[in-house]
Amino acid sequence: MGIRYSKINAKNKREIVLLKGKPCIYGKCTFCNYIEDNSEDENEINRVNFEVLENITGECGVLEVINSGSVFELPKETLEKIKNIARSKEIKVIWFEVYYTYKNRLNEILDFFDGIEVKFKVGVESFDENFRNNVLNKNLYYENLEEFKTYFENICLMVGIFGQTEEMIKKDIEIALRNFKRITINIFVDNGTSIKRDENLVKWFRKEFKYIYDFENVEVLDDNKDFGVYEQ
Ligand code: SF4
């Protein structure tokens, strides 16, 4: 039994909920075990989500909703419930996570939550195209970064994987800092997939980028439970 509601008191103060969703539209990233929390049963999904959403107090004015996939995989009833709670608790900003492929449909969510500022987080994992697409199988191709950054305010990077290099990580962080308002860095934790953690690289990263932990716009997740919500 995991924990699906938490409050982040450090940077970017917010409440966070881990909701249940339908399976990710893509579902083939080699490092991803999210599928374990997905379900095809909308009644079950809504039942779990309604209970979790009852915890929201609105005290930070900001809510982050994650669902082991994209906001588009949440049932309509769950989205309605989020909207009603956000309005009644005077939440001003909601963050959702979304897979890059949905970039042309973000307006649907913006329109649905009319009156609330909606922001999107996307997992790019790495700007090294070969590593991202051939090792992580992310299937994320973009033609130009200028366009990419118009869709997403927060990008997630992954560090500490066999096959990644120090140079790649340095470059990823440099590009991310230069182009995006917020960055989430996930240090990879072995999760039963074929992708493996490189302990030496993790050690190097923690030392080399020690200073980045203090950046207001950067969140480093040393463990994927660091936001206080997890299901396992
Ligand atoms: S897009 Fe996200 S949820 Fe879907 S398989 Fe990749 S990492 Fe997992």
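The values are calculated or read from the model by the stated rules, or taken from the named source; none is laboratory data. Computed from a prediction, not measured in an experiment: that's the story for all the values here. Here the Cβ positions follow ideal geometry from the backbone for every residue, glycine too, while neighbour counts run over all protein chains shown. Calculation scope for accessible area: heavy atoms of the full protein, side chains included, ligands and nucleic acids excluded. Shrake-Rupley method; radii C 1.70, N 1.55, O 1.52, S 1.80 Å.
Worth a mention:
- Within region 150-167, tally of residues that are open to solvent by 60 Å² or more (accessible area, probe 1.4 Å) and over 27 Å from Arg197 (Cα atoms): 1
- Test: Asn224 is under 24 Å from Glu129 (Cβ atoms) and either at pLDDT 95 or above or part of a loop (DSSP other than H, G, I, E, B) (or both): no
- Residues that are surrounded by fewer than 19 Cβ atoms within 10 Å (Cβ to Cβ) and on the phi < 0 side of the Ramachandran plot, drawn from region 122-142: Glu129, Asn130, Asn133, Asn134, Tyr141, Tyr142
- Of residues in region 129-151 being in contact with a strand residue (DSSP E or B) (Cβ under 8 Å, 6 or more places away or on another chain) and outside any helix (DSSP H, G or I), the one nearest to the ligand (Cβ to nearest atom): Lys138
- Scan region 1-31 for residues that are more than 25 Å from Gly61 (Cα to Cα), more than 8 Å from the ligand (Cβ to nearest atom) and either surrounded by 15 or more Cβ atoms within 10 Å (Cβ to Cβ) or within 16 Å of the chain's Cα centre (by Cα) (or both) and the total you get is 2.
- Residue-level check: of (1) within 10 Å of the ligand (Cβ to nearest atom); (2) at pLDDT 95 or above; (3) open to solvent by 30 Å² or more (accessible area, probe 1.4 Å); (4) not acidic (Asp, Glu), Tyr34 misses just (2).
- Where Lys170 falls short, out of the listed (1) touching a strand residue (DSSP E or B) at 6+ places or on another chain (Cβ under 9 Å); (2) not in a loop (DSSP other than H, G, I, E, B): (1)
- Within region 60-77, tally of residues that are in a loop (DSSP other than H, G, I, E, B) and within 16 Å of the ligand (Cβ to nearest atom): 5
For every residue, the table says whether it meets (1) at pLDDT 95 or above; (2) within 18 Å of Val122 (Cβ to Cβ).
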residue	(1), (2)
Ile155	yes, yes
Val159	yes, yes
Gln164	yes, no
Ile169	yes, no
Arg182	yes, yes
Arg197	yes, no
Phe205	yes, no
Gly228	no, no
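- Region 78-105: number of residues that are crowded, with 21+ Cβ neighbours inside 10 Å and assigned to a helix (DSSP H, G or I): 3
- Matching residues in region 26-70 - criterion: being touching a Cys at 6+ places or on another chain (Cβ under 8 Å) and aliphatic (A, V, I, L, M): Ile35
- Top-ranked residue in region 37-64 [being under 17 Å from Ile94 (Cβ atoms) and of a type in the set (Gly, Ala, Ser); ranked as surrounded by the fewest Cβ atoms within 10 Å (Cβ to Cβ)]: Gly61
- Residue pairs meeting the criteria (Cβ under 7 Å; at least 6 apart or on separate chains; first open to solvent by 20 Å² or more (accessible area, probe 1.4 Å), in region 189-218; second assigned to a helix (DSSP H, G or I) and modelled with pLDDT of 95 or more): Trp204/Glu166
- Unmet requirement for Glu90, which otherwise passes all of (1) more than 16 Å from the ligand (Cβ to nearest atom); (2) at negative phi: (2)
- The single residue among Glu80, Glu153, Glu166, Glu129 that is out of contact with any Cys (no Cβ under 9 Å at 6 or more places or on another chain), farther than 28 Å from Lys207 by Cα and not small (Gly, Ala, Ser) turns out to be Glu80.
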